Amino acid sequence: MQPQQRGDVPVGVHSACHHSARSQIQSTRSQGKFQHCDLLDNLAVQIMGTKRFYLAHPGAVKQAGMESRKYDAWARLSLTSAEKLAAGQEDGAFVVADLAPGDVLYVPADGWHEVVNLTPGVLLSGFFGPRTHVLSRWAWVQAREGLHRAGLLGRGHCTCHAGRAEMS
């Protein structure tokens, strides 16, 4: 990280962190993702193509009564799209960010967002946080995942089994 860029990244990001990274390749122009919030902070790096991020404040979906009860291990899901949620809201309550190759976007944990491909592309995202926070979230997710796999949590109403395309 270049010294002049350190001021652009939240405190703690460039210190000793436990990192969990993934890459994502999406190839169709219209393919998008449902509105959700992740449990860890995220840096999204656009490698090629362009994506649009619709961003809402952390309490937006809950305040609208639109949180889904559908189970997902590492995210919380919304019953509505970012566009519908933003309708009728004050200007500035929601932000749209278009990422082109080389752009980086910080999405805080619990920040609601929806991602839409404007063109086919590649995005790398890294989820991170202070080591104790990441490890406690990991333990919490593993406990919930154990309940889920035992059929005691989100049985038949999750993003990892049959019918997962439906986000209700």
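Quick look at the values:
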{"item": "From phi via Karplus (6.51, -1.76, 1.60), per-residue ³J(HN,Hα) for the range 56-69 in Hz, x at Gly/Pro", "result": "10, 5, x, x, 4, 6, 5, 4, 7, x, 10, 6, 7, 8"}
{"item": "Distance (nanometres) between label positions extended 7 Å along Cα→Cβ at residue 149 and residue 67", "result": "2.6"}
{"item": "Solvent-accessible area, 1.4 Å probe, carbon plus sulfur percent, for the range 78-137", "result": "58"}
{"item": "Extension reserve of the residue 160-residue 97 stretch, reckoned as 0.36 nm per residue once the Cα distance is removed", "result": "19.8 nm"}
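The values are calculated or read from the model by the stated rules, or taken from the named source; none is laboratory data. For clarity, every value in this text was computed on a predicted model and none was experimentally measured. Methodologically, a virtual Cβ is constructed for each residue, glycine included, from the backbone with ideal geometry; neighbour enumeration extends over all protein chains shown. We work out accessible area using only protein heavy atoms, side chains counted, and drop any ligands, DNA or RNA first. Shrake-Rupley method; radii C 1.70, N 1.55, O 1.52, S 1.80 Å.
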